[in-house]
Each structure stands twice: as structure tokens, then as C-alpha cells.
């Protein structure tokens, strides 16, 4: 079994610069055409500052496990998280990692033709060539053996993963991996969390991924539970090693 974040060491060197930015709970692994670590840390500080200021105004935003409305004067990051939580029927903080990855990634995309930002398994991609995103699913026999192929025409987009068996994030389900592809990072993250919450037994997979695909903005969903796999939407699934 891979240890958490070991997957970062398994990415081949293909000419992109790789750098890591850590600030508080945010641990960003970034690939771009040049070292943009200075701009990345500036952007990360700003979005985290916006979120911290808002939480001081509304402490309940941090702990809410159900959708929580915010005002029009809330920062863009906060509004995106709240809207994603509403669509997915979860609290807004379920969207935080994907939202931060996207905000940093979109800023770096103004400076680099190709950008990949990974934040705790939630990934923003802006590509100039096809890429594969491997699926880590804990102790499942399918873990590390499958990947999603993402082509440039589909980006920018976000690929976010939730798990009931891997990591420390809160999940009420038992899925080894619940993966969602969407244009927005907040939406992909929130729906991945909700999708994982809905899967406790193999019989839950089909209805859960249908539910996810019914949410406006979701392009595809995938669930791994043990040796069982469910996929729906416009996803290209490939075997690793082929």
C-alpha cells in the first residue's frame, strides 16, 4: 500500500518544474513550466487570509456539516465553497482543499501554459498535453492500477477524491475512493465528499454515482469499494502500465 503522499514521488520527470508549498493545513504540490513558488505562496496566503477573516465573522462556517448560506459580500472563495456545499448537501468546508487548489492553479495559469496543483488528493489541471491522474484507493486491489486520462481540451478542470478508508478527512461512508471531475475545484471536492458519504456497501455505488452526475457542473464520477468499481459520465479510464 502507498503511504499518504507517496504518490508524489511516483510522478515521472517530463520537463516540468516541481515545487511544494506548505502553509498551515495547505500542502500544495505544484508542477509548471517554471518555478512559480513565489507567486504560489503569495496566492495561497491571500486565499487563506480571505477564508480566515470570514471565519472570524462567522465561526459556524468552519464546523457546519450541512449547507450554510453566506452573504454577497463574502470573498469569492467563500461564496464558491458555500455554493458547492449547497449543491452537494454538505458543509462548505468539504470544498476547501479543491477550492484552494483551483484558486492557486488559475493564478499560476496566467504565467504558465501548463499547471498542475495537488492539495491533499484534490487536483487542479490546466494542460497543454494529455495527462493521466492515477487513482489511489487505499487497500483496494484496484488501488494504483487505474488512471483517468485528461486531455487539454477538457481543462481547466478539477479532479477531487474522498475516502472513508484513507487519510484523516471526515467521511461517513466506506468507499476506498470517491472521485469527481468538475470544472470547479470547490464543486468537485464537495461532491466527492458527499459521494463518499453515500457509499457504505457495493449495492450503494450505482445510485450514488447517478446522484453525483445529476448535479450541474459535474462531468464524471467514479467509486472504488474493495474490488468493486463504478464509473459514470465522460471519463476515460485506463490501466496503469499500458
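The values are calculated or read from the model by the stated rules, or taken from the named source; none is laboratory data. The structure displayed is predicted, hence computed values, not measured ones. Note: ideal-geometry Cβ built from the backbone for every residue, glycine included; neighbour counts use all protein chains shown.
Numbers at a glance
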{"item": "Scope the range 57-112; condition closer than 19 Å to residue 40 by Cα and either touching a strand residue (DSSP E or B) at 6+ places or on another chain (Cβ under 7 Å) or modelled with pLDDT under 95 (or both); matching residues", "result": "97, 98, 100, 101, 102, 104, 105, 108, 109, 112"}
{"item": "Top-ranked residue in the range 1-23 [being part of a loop (DSSP other than H, G, I, E, B) and closer than 26 Å to residue 140 by Cα; ranked as modelled with the lowest pLDDT]", "result": "1"}
{"item": "Members of the range 210-223 that are in contact (Cβ under 8 Å) with a residue 24 or more places away in the chain, out of contact with any helix residue (DSSP H, G or I) (no Cβ under 6 Å at 6 or more places or on another chain) and surrounded by 17 or more Cβ atoms within 10 Å (Cβ to Cβ)", "result": "219, 220, 222"}
{"item": "Scan of the range 165-177 for residues that are within 24 Å of residue 149 (Cα to Cα) and at pLDDT 60 or above, ordered by number", "result": "175, 176, 177"}
{"item": "Counted residues, the range 94-129 - those being outside any strand (DSSP E or B) and touching a helix residue (DSSP H, G or I) at 6+ places or on another chain (Cβ under 7 Å)", "result": "18"}
{"item": "Options 191, 180: the member that is touching a strand residue (DSSP E or B) at 6+ places or on another chain (Cβ under 6 Å), over 13 Å from residue 231 (Cα atoms) and either at pLDDT 95 or above or crowded, with 17+ Cβ neighbours inside 10 Å (or both)", "result": "191"}
{"item": "Criterion violated by residue 91 - all others in (1) exposed (fewer than 14 other Cβ atoms within 10 Å of the Cβ); (2) within 25 Å of residue 180 (Cα to Cα) satisfied", "result": "(1)"}
{"item": "Of all residues making up the range 24-51, the number that are part of a loop (DSSP other than H, G, I, E, B) and either modelled with pLDDT under 95 or surrounded by 15 or more Cβ atoms within 10 Å (Cβ to Cβ) (or both)", "result": "4"}
{"item": "Residue check for residue 175: in contact with a helix residue (DSSP H, G or I) (Cβ under 9 Å, 6 or more places away or on another chain), assigned to a loop (DSSP other than H, G, I, E, B) and free of Cβ contacts under 8 Å to residues at least 60 places away in the same chain", "result": "yes"}
{"item": "Residue in the range 148-167 that is more than 16 Å from the chain's Cα centre (by Cα), under 18 Å from residue 237 (Cβ atoms) and in a loop (DSSP other than H, G, I, E, B) present", "result": "yes"}
{"item": "Unmet requirement for residue 77, which otherwise passes all of (1) closer than 23 Å to residue 183 by Cβ; (2) assigned to a helix (DSSP H, G or I); (3) over 20 Å from the mean Cα position of the chain (by Cα)", "result": "(3)"}
{"item": "Selection count where residues are more than 14 Å from the chain's Cα centre (by Cα), touching a residue at least 60 places away in the same chain (Cβ under 8 Å) and in a loop (DSSP other than H, G, I, E, B), scope the range 130-147", "result": "9"}
{"item": "Selection from the range 178-208 of residues that are more than 14 Å from residue 161 (Cβ to Cβ) and without any contact (Cβ under 8 Å) to a residue 40 or more places away in the chain", "result": "183, 198, 200, 201, 202, 203, 204, 205, 206, 207, 208"}
